[in-house]
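K.L.:
Quick one: this structure, given as structure tokens, is what I'll be asking you about.
The values are calculated or read from the model by the stated rules, or taken from the named source; none is laboratory data. This one's a predicted model, so the numbers in the text were calculated from it and none came from an experiment. In case anyone asks, the SASA skips ligands and DNA or RNA and just uses the protein heavy atoms, side chains included. Shrake-Rupley method; radii C 1.70, N 1.55, O 1.52, S 1.80 Å.
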Amino acid sequence: MRRLLLLRGLFCLFAIIRPSFNMQLFRAARSVSFGNKKKWKAKYRGNPKIITLKAVDKRNWEECAELEPSPEQQRFMVSNLYSIAECQFLDGFVSKTIYNDDVLIGFTMFGLDPDDGNYWVYRFMIDERFQGRGHGYHAMLLVIDEIRKASDRTDVIMIGYKPDNELARKLYRKSGFREEGISPWGEMLAKYRFA
């Protein structure tokens with residue numbers, strides 16, 4: 001019981017010190033049932049720890065290039081290596097790695113598209129080993145927040161994905177994107193509006 005009290009106190013203290021701390025963990029710690037450790041562990045299991053975005057650089061680009069989605073998702077996207085190279089030639093775009101604490105788990109690329117003047121998320125992926133744990137949702141919220149803070153941001157963020165990519169559809173919808181229809185190049189377009 002002392003351990004649980006201490007753990008709960010640490011979660012609460014960390015959430016106060018670092019506001020970006022995962023609120024789901026904070027709520028889980030706040031609602032600990034001291035008589036039922038299994039219930040709390042089940043609620044905590046699989047939730048992401050601290051998800052962060054970091055620049056792709058000389059220390060992490062090779063590891064990032066080795067990340068892969070699940071085999072059934074590979075037909076929906078190009079490799080991270082291609083995306084890292086492409087980003088070098090797209091003005092206004094940045095490529096970021098997605099970390100869970102100190103473990104590299106994913107990749108994203110986003111920026112201001114010169115064709116329509118809106119921010120676009122061109123790439124977003126979580127490695128197959130880390131899928132199904134809520135990391136993608138939390139990382140997408142960080143991408144949205146980073147774009148929100150940009151001095152040149154527009155009122156919307158656009159994203160495109162294959163119409164039969166149900167996992168992407170669910171993730172983007174949960175993150176606040178709303179489908180706009182099929183693009184001329186065959187992708188489903190979805191839009192996030194800043195309130």
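K.L.:
Here is the link list: K162/K191; K54/K191; K58/K191. Which ones come out longer than 26 Å on Cα distance?
P.N.:
Beyond 26 Å between Cα atoms: K58/K191.
K.L.:
With viscosity set to 1.306 mPa s at 10 °C, what whole-number translational diffusion coefficient in µm²/s follows for region 82-151 from Stokes-Einstein and a Kirkwood radius over Cα pairs?
P.N.:
124 µm²/s
K.L.:
On a straight-distance basis, which aspartates and glutamates could pair with K96 in a cross-link, Cα separation under 16 angstrom, same-chain partners fewer than 8 positions away excluded?
P.N.:
D57, E62, E63, E66, E68, E86, D127, D145, E146
K.L.:
Could you give the accessible area per residue of region 112-154, probe 1.4 Å, as a whole number in Å²? Can you show the working numbers first?
P.N.:
Values: 2170 Å² over 43 residues.
For region 112-154, the per-residue accessible area is 51 Å².
K.L.:
So what's the convex hull volume per residue for the Cα atoms of region 49-193, in Å³?
P.N.:
About 112 Å³ per residue, rounded to a whole number.
K.L.:
Now for a separate question. Find how many whole Å separate the alpha carbon centroid of region 147-169 from the alpha carbon centroid of region 60-128.
P.N.:
Here the two parts' Cα centres lie 13 Å apart.
K.L.:
Continuing with this model, one more query. What is the set of long-range amide H partners of G176 at a cut-off below 5 Å, with H atoms built 1.01 Å from backbone N?
P.N.:
So G176 has HN proximity to no qualifying residue.
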